[in-house]
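Structure, as structure tokens:
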């Protein structure tokens with residue numbers, strides 16, 4: 001079990017491997033789309049790992065990237081269709097970024113590094129935990145941005161109205177993409193300085 | 001590492017593509033009705049918003065819409081409705097569509113019964129730049145159309161011009177213009193073009 005937990009801390013795909021940054025910046029202005037995005041990536045990562053691992057011995061190495069892309073895009077289209085059917089407003093908010101899960105480096109990275117050389121079930125769990133590691137960072141960033149940028153969490157007002165009457169203002173900068181970059185940078189810095197102490 | 005023949009590779013990839021395409025079609029057909037319904041609800045919500053109804057819940061949008069709005073026959077194919085606005089007056093909804101910087105933009109304009117004054121508008125886009133062109137969907141931009149007129153004081157059809165804040169002159173009357181979105185010139189021009197062409201089709 002322990003070997004799967006790496007992605008949550010010391011092997012985090014965003015903070016350590018610096019993969020999947022693009023979508024992490026784009027969808028974290030609010031908590032709800034960030035969580036849906038994290039779940040989508042987790043589902044795609046787990047199932048693509050599983051499927052590729054299942055057929056790994058039949059894949060000709062020369063076309064393995066093409067096969068991986070086929071499987072990943074297949075799963076991403078299914079996720080996209082489900083989002084459009086069941087959570088339409090969020091699917092509109094995520095717009096192009098659901099489609100871009102296909103090119104999310106975390107997924108291709110896990111397929112190459114893990115699924116091609118491991119059995120289906122361990123691969124499935126590897127995918128789940130990498131997705132969760134990605135989701136963890138997205139959630140933390142989204143909480144900071146939505147709370148400070150809009151004063152809400154999951155669209156519920158958190159900051160009481162009396163604060164605003166006394167001159168409190170939402171930080172508009174938080175909603176813009178550059179602030180996500182700065183927050184991710186701060187998280188990386190915090191993680192690195194903690195790692196140094198452990199050493 | 002095993003050696004795979006070219007024949008194997010071709011057959012393998014062909015079979016994989018056919019299987020995946022088949023599965024995707026099944027999923028797509030199965031989910032189509034729900035997706036269409038979501039789009040219908042969104043459309044009803046948008047039109048209701050343009051007609052002055054605030055915060056209509058998803059479940060209420062379609063029943064309310066079918067109660068107060070009726071499709072309007074027009075000589076052109078343009079989608080139009082008569083609608084009872086939130087303030088009780090009758091309005092005409094005109095579907096407008098055109099292109100922005102990256103893709104399709106569209107919206108609904110509600111005209112008062114004089115077929116001149118705009119009572120409300122709402123805009124959507126497919127892929128305009130977030131934070132710039134995408135801001136046409138914001139209420140602030142849409143509400144700047146309220147009270148504007150599509151004819152000038154001489155009764156000539158001019159539609160609505162979307163100009164930079166500083167450029168108010170040039171013979172364009174204040175009632176015929178709204179402020180453009182800074183940093184989104186092409187999308188703003190797209191909205192202007194869209195309104196002109198679409199309303200021109202149905203104006204008397």
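For segment A:97-105, the criterion of a residue being in contact (Cβ under 8 Å) with a residue 40 or more places away in the chain and within 11 Å of another protein chain (Cβ to nearest Cβ) is satisfied by at least one position. Determine, yes or no, whether residue A:116 is assigned to a helix (DSSP H, G or I), more than 10 Å from every other protein chain (Cβ to nearest Cβ), over 16 Å from the mean Cα position of the chain (by Cα) and within 17 Å of residue A:47 (Cβ to Cβ). Spelling it out, residue A:116 is indeed assigned to a helix (DSSP H, G or I), more than 10 Å from every other protein chain (Cβ to nearest Cβ), over 16 Å from the mean Cα position of the chain (by Cα) and within 17 Å of residue A:47 (Cβ to Cβ). Can you find a residue in segment B:15-35 that is within 10 Å of chain A (Cβ to nearest Cβ), over 25 Å from residue A:75 (Cα atoms) and either in contact with a helix residue (DSSP H, G or I) (Cβ under 6 Å, 6 or more places away or on another chain) or surrounded by 15 or more Cβ atoms within 10 Å (Cβ to Cβ) (or both)? No, segment B:15-35 has no match at all. Is segment B:90-100 home to any residue that is farther than 25 Å from residue B:136 by Cα, modelled with pLDDT of 90 or more and more than 11 Å from chain A (Cβ to nearest Cβ)? Yes, some residue in segment B:90-100 is farther than 25 Å from residue B:136 by Cα, modelled with pLDDT of 90 or more and more than 11 Å from chain A (Cβ to nearest Cβ).
Has segment A:73-96 got any residue that is assigned to a loop (DSSP other than H, G, I, E, B), within 11 Å of chain B (Cβ to nearest Cβ) and in contact (Cβ under 8 Å) with a residue 24 or more places away in the chain? First the steps, then the outcome.
If we filter segment A:73-96 for residues that are assigned to a loop (DSSP other than H, G, I, E, B), which is where we start, we get A:87, A:95.
Subset that is within 11 Å of chain B (Cβ to nearest Cβ): A:87, A:95.
Filter once more, keeping what is in contact (Cβ under 8 Å) with a residue 24 or more places away in the chain: A:87.
Looking through segment A:73-96, at least one residue is assigned to a loop (DSSP other than H, G, I, E, B), within 11 Å of chain B (Cβ to nearest Cβ) and in contact (Cβ under 8 Å) with a residue 24 or more places away in the chain.
Screening residue A:53 on (1) surrounded by fewer than 20 Cβ atoms within 10 Å (Cβ to Cβ); (2) away from every other protein chain (no Cβ under 11 Å) shows it passes everything except condition (1).
Being outside any helix (DSSP H, G or I) and either surrounded by fewer than 22 Cβ atoms within 10 Å (Cβ to Cβ) or facing chain B (nearest Cβ under 9 Å) (or both) narrows it down to one of A:36, A:16, so name that one.
On inspection, the qualifying residue turns out to be A:16.
The lone criterion from (1) closer than 22 Å to residue A:4 by Cβ; (2) modelled with pLDDT under 90; (3) surrounded by 14 or more Cβ atoms within 10 Å (Cβ to Cβ) left unmet by residue A:195 is number (3). The single residue among A:173, A:132 that is closer than 17 Å to residue A:12 by Cβ and either free of Cβ contacts under 8 Å to residues at least 12 places away in the same chain or touching a helix residue (DSSP H, G or I) at 6+ places or on another chain (Cβ under 9 Å) (or both) turns out to be A:132.
The values are calculated or read from the model by the stated rules, or taken from the named source; none is laboratory data. What you are looking at is a predicted structure, and each value in this text was computed from that prediction instead of being measured. A quick note on method: Cβ atoms are made from the backbone with ideal geometry, for glycine too, and the neighbour counts reach across all protein chains shown.
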